[in-house]
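Asks: The structure's right below; bear with me while I get my questions together.
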Amino acid sequence: MGNSKVRFGIVGCGSIVYIAHMRAFQENADKAEVVATCDPSEERAKDVAKRTGAKAWYTDHKKLLKRDDVDAVLIASANYAHCEQGIDAAEAGAHAIVEKPLACTNKEAWAIVNACKKAGVRIITGTNQRFWIQHEIAKQLIEQGALGRVMEGRSSLHETWDYYQGRDLKKLDRVAVSDWRVKPDEAGSATLFDQGSHRVDLVRWLLGSEVKKVVGFAKHTVTPDDYSPLDDVAWLLMEFENGSFGCASMDKISRAVSNITELYGTEGTMFTSSEALNPFQSVPLAIFIDKAKSDELPEIVRKYRYPTNFWADDLFNERAGKPIDKRWITIYPPYEWSYSRMMAHFIDCLLNNKEPTVKAEDGARVMDVLCGVFKSMETGGWVDLPLREEVIPPMYRQRYKPPAEYV
């Protein structure tokens, strides 16, 4: 890029910026700086500019993109705005991190991808889940063959509206600083888009394959209609191109947060968690490997495999021609902020002309799956992917139509 730092604009100054991205910018201050902010709320645009040391603030993202000192933007606005802002960023020559979901329809998502390609800029979807250390370890172990052939993957995140919006939308006394997540025309979907975008991406990334079929549902069940009419429970099943199968489940009605990702292979099983722990998921990563000798275990598993009876048991068993004790190994990596690690990776790619491991295409493929769920509800069965037609969430009303050249 020719600069020692990447100069960012922040488009959308909502809760995710306050609770996640500000820390990411602070922890990458040696290689990135925020030069401008933008939000429909003048108050929030000013506040985030003050907190990040930005030179200027705006209420119109097009004005921010006209600046000649913006190398990249973080788009953390309401879901409905992602498509227009992502395309505008590409056309302005700005690289971008676009918060998940990438868009509100599959065609919107692929329009961003096409605009990015035409402009020659790098745009990634904000899939911070990949950057938790336990998930990176899980990916490495799978690629090393530690689990044999992995045939099944499941990821879930069950939580409550209260943690973001609070029980009273007039107070917004929890994480959220605005109420767009409960509005159909701004969010498109609630549970499926909000939590499902992470769960689906994590499963497809860990299984190392694309989804070829999906079936599922996203329904409004017990949330009061005057709070939000959007989906509060969603489940989906996936069949992958490599012959494996996946499942994702999520809701916004559970009083306790429950999060687990499970992987089942011919030679082992692995569980991970990043959002919450509980008595049945009490560590960030646990793995059971069906290996007979200690030198067959991956290095990181050997490092965490403490003796249960006597330190030389493995040696005695191997001398006697017996298999080593097969058991669960728990791995507790350091808690390093995934948003900071994602930001550091993106910055490194921009400064050193590298391709990011997460691309806009990943976000678009996830949108194919999520929109495929809505199509599945229409047809009552499995839906082939990628989608050929645009699938618009039932309660979403598009405000912006991407240019025909990108669709």
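Asks: Which condition from (1) touching a helix residue (DSSP H, G or I) at 6+ places or on another chain (Cβ under 9 Å); (2) within 24 Å of E91 (Cβ to Cβ); (3) of a type in the set (F, W, Y) is the one that W382 breaks?
Replies: So the condition that W382 fails would be (2).
Asks: For region 265-298, how many residues are more than 25 Å from the chain's Cα centre (by Cα) and hydrophobic (A, V, I, L, M, F, W, C)?
Replies: 4
Asks: Which ones in region 188-205 are of a type in the set (A, V, I, L, M, F, W, C) and surrounded by 24 or more Cβ atoms within 10 Å (Cβ to Cβ)?
Replies: A190, L192, F193, V200, L202, V203
Asks: I'd like to know if region 305-322 contains one or more residues that are modelled with pLDDT under 90, crowded, with 19+ Cβ neighbours inside 10 Å, touching a helix residue (DSSP H, G or I) at 6+ places or on another chain (Cβ under 9 Å) and in the same structural domain as G268 (by TED's automatic domain parsing).
Replies: yes
Asks: Let me ask something else about it. What do you reckon, is V113 closer than 26 Å to L65 by Cβ and either touching a strand residue (DSSP E or B) at 6+ places or on another chain (Cβ under 6 Å) or of a type in the set (S, T, N, Q) (or both)?
Replies: Considered against the rule, which asks whether it is closer than 26 Å to L65 by Cβ and either touching a strand residue (DSSP E or B) at 6+ places or on another chain (Cβ under 6 Å) or of a type in the set (S, T, N, Q) (or both), V113 comes out as no.
Asks: Report yes if M250 is in contact with a Gly (Cβ under 7 Å, 6 or more places away or on another chain) and part of a strand (DSSP E or B), otherwise no.
Replies: yes
Residues are listed down the side, and each one gets a yes or a no for (1) within 30 Å of A292 (Cβ to Cβ); (2) part of a helix (DSSP H, G or I); (3) polar (S, T, N, Q); (4) in contact (Cβ under 8 Å) with a residue 60 or more places away in the chain:
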position	(1), (2), (3), (4)
C104	no, no, no, yes
A109	no, yes, no, yes
C116	no, yes, no, yes
I137	yes, yes, no, yes
L141	yes, yes, no, yes
A146	yes, no, no, yes
S155	no, no, yes, yes
D162	no, yes, no, no
A176	no, no, no, yes
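Asks: Still on this structure, I have one more. Within region 59-67, is there a residue that is more than 29 Å from K183 (Cβ to Cβ), buried (at least 24 other Cβ atoms within 10 Å of the Cβ) and in contact (Cβ under 8 Å) with a residue 40 or more places away in the chain?
Replies: No, because not a single residue in region 59-67 is more than 29 Å from K183 (Cβ to Cβ), buried (at least 24 other Cβ atoms within 10 Å of the Cβ) and in contact (Cβ under 8 Å) with a residue 40 or more places away in the chain.
Asks: Something else: Any residue in region 392-405 that is farther than 26 Å from S249 by Cα and in a helix (DSSP H, G or I)?
Replies: yes
Asks: Give K322, K326, K359 a once-over and let me know the one that is more than 27 Å from L206 (Cβ to Cβ) and basic (K, R).
Replies: That would be K322, the only listed residue that is more than 27 Å from L206 (Cβ to Cβ) and basic (K, R).
Asks: Hey, another quick one. Which one of K354, K375 is without any contact (Cβ under 8 Å) to a residue 60 or more places away in the chain and buried (at least 17 other Cβ atoms within 10 Å of the Cβ)?
Replies: Just one listed residue meets the conditions, K375.
Asks: When residues of region 34-56 are filtered for being surrounded by fewer than 19 Cβ atoms within 10 Å (Cβ to Cβ) and not in a helix (DSSP H, G or I), how many remain?
Replies: The qualifying residues number 5.
Each row is one residue, and each column tells you yes or no for (1) in contact (Cβ under 8 Å) with a residue 60 or more places away in the chain; (2) in contact with a Ser or Thr (Cβ under 6 Å, 6 or more places away or on another chain); (3) within 30 Å of W180 (Cα to Cα); (4) not assigned by TED's automatic domain parsing to the domain that holds S77.
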| site | (1), (2), (3), (4) |
| --- | --- |
| D201 | yes, yes, yes, yes |
| D231 | no, yes, yes, yes |
| L237 | no, no, yes, yes |
| L263 | yes, no, no, yes |
| G268 | yes, no, no, yes |
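Asks: Which one of the conditions (1) under 27 Å from A404 (Cα atoms); (2) under 18 Å from the mean Cα position of the chain (by Cα); (3) hydrophobic (A, V, I, L, M, F, W, C) does A92 fail to meet, given that it meets all the rest?
Replies: Answer for A92: the failing condition is (2).
Asks: Would you call L237 crowded, with 22+ Cβ neighbours inside 10 Å, of a type outside the set (K, R) and not in a helix (DSSP H, G or I)?
Replies: Here the answer is no, as L237 does not meet what is asked.
The values are calculated or read from the model by the stated rules, or taken from the named source; none is laboratory data. If you're wondering where the values come from, they're calculated on a predicted model, not measured in any experiment. In this analysis, Cβ positions are derived from the backbone assuming ideal geometry, glycine residues included, and neighbour counts consider all displayed protein chains.
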